[in-house]
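Q: Below you will find the structure I want to go over with you.
The values are calculated or read from the model by the stated rules, or taken from the named source; none is laboratory data. Worth saying up front: this structure is predicted, and the values here are computed from it rather than measured. Ideal geometry is used to build each Cβ from the backbone, glycine not excepted, and the neighbour counts take in all protein chains shown.
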Amino acid sequence: MEPRLNLFGSPLTGKTLKHLVAAGKAVDESSLPAATAELVKLRASQINGCGFCTDMHSKDAVHAGESWERLNLVAAWREATVFTEAERAALELAEQGTRIADAAGGITDEAWTNAAKYYDEEQLEALVWTIALINAFNRMNVMVQQPAGSYQPGQFG
């Protein structure tokens, strides 16, 4: 499979990605647990059908010490017993935030209140930004049909 556009060779994409990646690095410096952020990125990528990001975030998570068992169960997190209540709340936000167009009203008050039981204001902000940024990356990669499977952890810095 060949991508529709060569994003990695494009000056425009290079400039644009520089800003998106910088935003992601700011979020990475928050107190949101890195494992939670990777689970959220993986779930949004699965929902959006972004093979490139699913590949990247599952490999990055394993590289950071996450188990394949948990990663394999992200798509079925409601039935899985391997996630904490805080992680479940974050995954619910990720799903509702990713499916905004499917659910008039976006994230429910119930989902937000539940997440606020486990995450402070900075962590909630980090969750919102993580969900927004991964959705932007997912949409870009899906639109250009960026191939998946060859990502290596740390490949992009």
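Q: Only one of (1) of a type in the set (S, T, N, Q); (2) under 20 Å from S58 (Cα atoms); (3) exposed (fewer than 13 other Cβ atoms within 10 Å of the Cβ) is not met by N141, so which one is it?
A: Status for N141: all satisfied but (3).
Q: Also, quick follow-up: Just to check your reading of the model, which residue among S45, S58, S31 is of a type outside the set (A, V, I, L, M), at pLDDT 90 or above and outside any helix (DSSP H, G or I)? Let's see the steps before the verdict.
A: Working: S45 fails: outside any helix (DSSP H, G or I); S58 fails: outside any helix (DSSP H, G or I).
That would be S31, the only listed residue that is of a type outside the set (A, V, I, L, M), at pLDDT 90 or above and outside any helix (DSSP H, G or I).
Q: Of the residues that sit in the range 85-103 and are over 15 Å from the mean Cα position of the chain (by Cα) and touching a residue at least 12 places away in the same chain (Cβ under 8 Å), which one is farthest from A132 (Cα to Cα)?
A: E85
Q: Do we have E79 as of a type in the set (D, E, K, R), over 30 Å from Q152 (Cβ atoms) and modelled with pLDDT of 95 or more here? Before you say what the answer is, go through the steps one by one.
A: Numbers: of a type in the set (D, E, K, R): yes; over 30 Å from Q152 (Cβ atoms): yes; modelled with pLDDT of 95 or more: yes.
Yes; evaluated as a whole, the condition is true for this residue.
Q: Hey, another quick one. Provide a single number: the residues in the range 95-116 that are surrounded by 12 or more Cβ atoms within 10 Å (Cβ to Cβ) and outside any helix (DSSP H, G or I). Talk me through it step by step, then tell me what you get.
A: As a first pass, look at the range 95-116 and keep what is surrounded by 12 or more Cβ atoms within 10 Å (Cβ to Cβ): 95-100, 103, 106-108, 111-112, 114-116.
So of that shortlist, the ones also outside any helix (DSSP H, G or I) come out as 99, 103, 106-108.
The qualifying residues number 5.
Q: Is at least one residue of the range 48-65 over 26 Å from Q152 (Cα atoms) and small (G, A, S)? Spell out how you get there, then give the answer.
A: Step one: of the range 48-65, the residues over 26 Å from Q152 (Cα atoms) are none.
No - not one qualifying residue is present in the range 48-65.
Q: Give me a count of the residues in the range 68-97 that are hydroxyl-bearing (S, T, Y) and either closer than 15 Å to Q123 by Cβ or in contact with a helix residue (DSSP H, G or I) (Cβ under 9 Å, 6 or more places away or on another chain) (or both). Don't jump to the end; show me each part of the working.
A: Here is the first cut: in the range 68-97, the residues hydroxyl-bearing (S, T, Y) are 81, 84.
With either closer than 15 Å to Q123 by Cβ or in contact with a helix residue (DSSP H, G or I) (Cβ under 9 Å, 6 or more places away or on another chain) (or both) added as a condition, the list becomes 84.
Total satisfying the criteria: 1.
Q: Quick check on the range 66-77. Is at least one of its residues surrounded by 14 or more Cβ atoms within 10 Å (Cβ to Cβ) and closer than 18 Å to G149 by Cα?
A: yes
Q: Is it the case that some residue within the range 63-73 is free of Cβ contacts under 8 Å to residues at least 60 places away in the same chain, in a helix (DSSP H, G or I) and within 12 Å of the chain's Cα centre (by Cα)?
A: Scanning the range 63-73, I find no residue that is free of Cβ contacts under 8 Å to residues at least 60 places away in the same chain, in a helix (DSSP H, G or I) and within 12 Å of the chain's Cα centre (by Cα), so the answer is no.
Q: Among (1) within 16 Å of L127 (Cβ to Cβ); (2) buried (at least 20 other Cβ atoms within 10 Å of the Cβ); (3) not acidic (D, E), which single condition is S31 missing?
A: Against the list (1) within 16 Å of L127 (Cβ to Cβ); (2) buried (at least 20 other Cβ atoms within 10 Å of the Cβ); (3) not acidic (D, E), S31 comes up short only on (2).
Q: Right, something else. Within the group E122, E92, which residue is closer than 18 Å to I47 by Cα, among the acidic types (D, E) and either modelled with pLDDT of 95 or more or part of a helix (DSSP H, G or I) (or both)? Even if it seems obvious, please write down each step before you answer.
A: Values: E122 fails: closer than 18 Å to I47 by Cα.
Of the residues listed, the single one that is closer than 18 Å to I47 by Cα, among the acidic types (D, E) and either modelled with pLDDT of 95 or more or part of a helix (DSSP H, G or I) (or both) is E92.
Q: OK, next. Go through the range 8-25 and report how many residues are under 17 Å from N135 (Cα atoms) and surrounded by 11 or more Cβ atoms within 10 Å (Cβ to Cβ). I'd like the intermediate steps shown before the answer.
A: Restricting attention to the range 8-25, the residues satisfying the condition of being under 17 Å from N135 (Cα atoms) are 13, 16-25.
Restricting the remaining residues to those that are surrounded by 11 or more Cβ atoms within 10 Å (Cβ to Cβ) gives 13, 16-17, 20-21, 23-24.
Adding up the residues that qualify gives 7.
Q: Now for a different question. Q46 fails exactly one of the following numbered conditions: (1) under 13 Å from the mean Cα position of the chain (by Cα); (2) over 18 Å from N138 (Cα atoms); (3) among the polar types (S, T, N, Q). What is the number of that condition?
A: (2)
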